[in-house]
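Beneath this line is the structure, given in structure tokens, with notes to follow.
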Amino acid sequence: MAPQPQSKSKIIAENRRARFDYFLEDNIEAGIQLLGTEIKALRDGRANIAESYAAVEGREIVLINADIPPYKQANRFNHEPRRPRKLLLHRKQIDRLIGAVQRDGQTIIPLKLYLNDAGKAKLEIALAKGKKLHDKREASAERDWQRDKARLMRDKG
């Protein structure tokens, strides 16, 4: 059996919370339009996409609130850390994402930011539907009622 070729992709940031909060459906690989020192900051492995999301602006998909901190060796020409960044996708993919967001009410969630084998910054995004969050008040009310019911039955008998 031949050995598998090693992938040289480097994961920079991962959104682990997204897999917990959403039902993920379609994964898509997208490029990111970066400026100046942003790619240098990414190569240093410094980025955070935990609080970010993708939105539709006109006929484009834009990554909002992704934090790429400034590159410390280039103070004068640094970038804005949380600026909106355009995602580079094919027109068919953009139309499919826009349709899913507008028609089905789905959300575009960034999952993973990485550098691929060629050294290009890529973002893995997914169409997602939100999970129904567990209401703690309902569970605690049920627990309190069971406790009170047991106390009443014990005191009556």
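Structural remarks
- Note on ASP155: accessible area approximately 110 square angstrom, rounded to 10, probe 1.4 Å, nucleic acids and ligands left out.
- The C-alpha atoms of the chain define a longest principal axis, and helix 91-104 lies at about 20 degrees to it.
- The lysines whose alpha-carbon is closer than 17 Å to the alpha-carbon of LYS40, local same-chain residues fewer than 8 away aside, are LYS10, LYS72, LYS120, LYS122.
- Using alpha carbons only, the radius of gyration of region 2-72 set against its Kirkwood radius gives Rg/Rh = 1.01.
- Probe 1.4 Å, all protein chains present, accessible-area order of LYS136, LYS40, LYS86, largest first: LYS136, LYS40, LYS86
- With bins 5 Å wide beginning at 0, the percent of Cα pairs of the chain falling in each bin runs 2, 8, 15, 16, 14, 11, 8, 6, 5, 4, 4, 3, 2, 2, 1, 0, 0.
- Kirkwood hydrodynamic radius of region 40-96, from inverse mean 1/r over distinct Cα pairs, in Å: 12.6 Å
The values are calculated or read from the model by the stated rules, or taken from the named source; none is laboratory data. Computed from a prediction, not measured in an experiment: that's the story for all the values here. In case anyone asks, the SASA skips ligands and DNA or RNA and just uses the protein heavy atoms, side chains included. Shrake-Rupley method; radii C 1.70, N 1.55, O 1.52, S 1.80 Å.
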